[in-house]
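Structure first, then comments.
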Amino acid sequence: MSKIAILTDSSADLTPEQASRYGIDVLTFVMTLDGKDYKTNENCTVEEFYDILRQGQGVPSTAAITPIQFCEQFCKYVDEDYTDVLYVSICKSGSSTFNNAVMGQRMLAEERPGNTLRIHMVDSRTYSMVFGWHLLEAARKIRNGAELAPIIRELEDKLDRSEVALAAFSLKQMKKSGRISAAAAFAGELLGLRPIIQLNFGVSKVVGKVRGNDAVPAAMIKHVLSRVDDVSEMPYQIGYTDCEEAAKELAKQCKKAFGHEPENFFHLGGVVSCNTGPDALAIAYLNAAHKE
């Protein structure tokens, strides 16, 4: 009989309650700012980390989860007689974490010779609850006894079709992280421009700019409408940092435009907000088919 472990990293932005409910193990990224290390849900909350970003002077960084950490986790599964582990990672193109998991698997063969643990690794191709939400659904089905192979195929299909429209109200953090140039950030702040960013398959690009915060929701919705043929059947979520009222307004406009409410509201956690800053909104949606 199969005994299946489910593993992800803290970029999935699962709440501790969600992870506990579905028996999902989470390896936590370390975020460093001004010489101090932070782990959300361990030594600070997500909300506290937004304040830390606002007050910080330097450029925040995240340290990839190491091969040793993965090897230790895999050894634990072997020792506890698990037959399989499903690991869903942060976007492979944006972090070395996925490759470190592969290295951890190789190290496992040396630490536990002859082990029969089957490790199934899935690159999410994205970030935050954009993949965490689908992982929760997969975990629920696994815990209810569903076969692993079709669950992985379904999960990968959803990840293939997951897209994001993102907007940052402040360009300070994006300039610090190198996501946009200092010149573009200066011009944007001077003119009150807000970039609308598309994130698909781990690739981000600016697809529009609007003047002022009030114009952001309509521009985000316009982009989604340009990507999806039938929004009436489109599952979507609203992500946000330290801007709950803006998220509520976005949801209100989305309901009017799409004809139904979002499936979920979620915080863009520490890993994502290190790049977007503490003032960002996102619409995470599932397209009917992957589009370039």
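The values are calculated or read from the model by the stated rules, or taken from the named source; none is laboratory data. What you are looking at is a predicted structure, and each value in this text was computed from that prediction instead of being measured. Methodologically, a virtual Cβ is constructed for each residue, glycine included, from the backbone with ideal geometry; neighbour enumeration extends over all protein chains shown. What goes into the accessible areas is simple: the full protein's heavy atoms, side chains included, and nothing from ligands, DNA or RNA. Shrake-Rupley method; radii C 1.70, N 1.55, O 1.52, S 1.80 Å.
What to note about this one:
- Crossing angle, helix 148-160 versus the chain [Cα axis fit, 0-90 degrees, rounded to tens]: 20
- Unsatisfied cross-links (Cα-Cα over 30 Å) in the set LYS76/LYS205; LYS39/LYS92; LYS36/LYS141; LYS3/LYS158; LYS3/LYS205; LYS92/LYS209: LYS76/LYS205; LYS36/LYS141; LYS3/LYS205
- Volume of the convex hull of the range 32-147 (Cα atoms only), normalised per residue: 133 Å³.
- Expressed to the nearest 5 percent, the antiparallel share of DSSP beta bridges inside the chain is 60 percent.
- Per residue, the average separation of C-alpha pairs within less than 8 Å and at least 6 apart gives the chain a relative contact order of 21 percent.
- Net charge, GLY132 excluded, C-beta distance under 11 Å - Lys, Arg +1, Asp, Glu -1: -3
- GNM flexibility winner over the chain from CYS274, CYS44, CYS75 (Cα, springs under 10 Å): CYS44
- Accessible surface of the chain, 1.4 Å probe, proportion on carbon and sulfur as whole %: 50
- Kirkwood Rh, angstrom, the range 1-83 [1 / mean 1/r, Cα pairs]: 14.5
- Among the GluC sites (Glu not before Pro) within the range 7-90, those in coil by DSSP and having at most 14 neighbouring Cβ atoms inside 10 Å are GLU42, GLU80.
- For the chain: accessible area per residue (Å², 1.4 Å): 47
- Of all DSSP beta bridges in the range 234-292, antiparallel share, percent nearest 5: 55
- Applying the Kirkwood pairwise sum to the alpha-carbon positions of the range 79-146 produces a hydrodynamic radius of 13.4 angstrom.
- Rounded tilt (10° steps) of 182-191 against the dominant C-alpha axis of the chain: 40
- Size of charge dipole - the chain - debye, nearest 20, with Cβ of Lys, Arg +1 and Asp, Glu -1, no other charges: 840
- Accessible heavy-atom area order of THR126, THR32, highest first, probe of 1.4 Å: THR32, THR126
- Entry for the chain at q = 0.11, 0.15, 0.16 Å⁻¹: log10 I(q)/I(0) = -0.65, -1.17, -1.30, Debye formula applied to identical alpha-carbon scatterers, no solvent contribution.
- ARG125 contributes about 40 Å² of solvent-accessible surface, heavy atoms of the protein only, 1.4 Å probe.
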